[in-house]
1. Among the listed pairs LYS17/LYS139; LYS17/LYS162; LYS12/LYS126; LYS7/LYS94; LYS139/LYS170; LYS7/LYS170, which have their C-alpha atoms separated by more than 30 angstrom in this model?
2. For a protection proxy built on the mean count of beta-carbon atoms within 10 angstrom, sort 17-26, 133-142 highest first, please.
3. For the chain, what does -39500 (n - 2.57) per DSSP helix run (n ≥ 4), summed and divided by total residues, give at 222 nm, in deg cm²/dmol to the nearest 500?
4. Could you give each residue of segment 51-56 its phi-based ³J(HN,Hα) in whole Hz, using Karplus coefficients 6.51, -1.76, 1.60 with θ = phi - 60°, and x for Gly or Pro?
5. Counting only Cα, what are the radius of gyration and maximum Cα-Cα distance Dmax of segment 26-175, in Å?
6. Check VAL70: other-chain or 5+ apart residues with amide H under 5 Å from its amide H, H built from backbone geometry?
7. Report, for the chain, the % of DSSP beta bridges that are antiparallel, rounded to 5.
8. Quick one: Debye curve from the alpha-carbon atoms of segment 1-92 only, equal weights, vacuum; give me log10 I(q)/I(0) at q = 0.18, 0.20, 0.24 Å⁻¹ to two decimals.
Amino acid sequence: MRIVAGKYRSRKLQVPKDQTIRPTSEKLRAAVFNILNNRVEWEGLKVLDMFCGTGAMGIEALSRGAEKVVFMDNSQESIALTKQNLAMLGEDCKVELRDSSNLPTANEQFDIIFVDPPYKTDLASKALVSLRAGGWISKDGIVVVETGRRVDVAVDGFEVIKEKIYGTAKLILLGF
């Protein structure tokens with residue numbers, strides 16, 4: 001698995017040896033960032049990568065010029081893998097072991113938030129409620145949700161910017 005574009009373009013990322021973590025495919029990451037590139041300038045943006053897995057989404061944002069990326073997951077394996085990938089690139093970012101469906105009040109707000117929980121769960125809806133209630137999303141922030149194509153996501157309080165199916169994945173861009 002490689003970084004699609006930016007200063008780390010074509011750099012390989014470590015992936016899990018088994019199926020316990022489902023990294024976002026290069027094809028889907030390219031689609032997400034193509035959509036976002038038409039809406040944002042990456043310089044100066046703060047990004048939160050929830051359910052980070054390998055850290056690929058947040059690292060892709062760093063590669064394209066995001067000012068700051070925070071990574072979050074409730075799996076020790078994911079945290080270790082993300083730290084390993086960041087270290088390979090010489091990046092020093094905050095990587096937190098945290099339950100994304102039960103967040104505390106935010107100390108800072110983020111411009112772009114990636115929400116990519118395990119498919120076939122209701123964790124995306126829970127994370128959206130937690131993000132909104134905790135004040136994690138900046139004014140005019142964008143939340144990118146990746147979930148299984150048949151999973152319903154409650155998006156109360158958000159504006160659906162775009163929704164598209166990519167194979168087994170559903171991508172939802174939400175405005176706040």
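1. Pairs exceeding 30 Å: LYS17/LYS139; LYS17/LYS162; LYS12/LYS126.
2. Details: 17-26: 13.9, 133-142: 16.7.
Descending mean neighbour count gives 133-142, 17-26.
3. On the way: 4 runs with 46 residues, N = 176.
Mean residue ellipticity at 222 nm (helix-derived): -8000 deg cm²/dmol.
4. Result, ordered by residue: 6, 5, x, 8, x, 4 Hz.
5. 14.0, 39
6. Counting only residues 5 or more places away or on other chains, the set is VAL47, LEU48, ASP49.
7. Values: 16 of 34 bridges.
Just about 45 percent of them are antiparallel.
8. Summing over Cα pairs of segment 1-92 leads to -0.74, -0.93, -1.35.
Every number in this text was worked out from the coordinates using simple rules, so none of it is lab data. As the structure is a computational prediction, the values presented were derived from the model and not from experiment. Ideal geometry is used to build each Cβ from the backbone, glycine not excepted, and the neighbour counts take in all protein chains shown.
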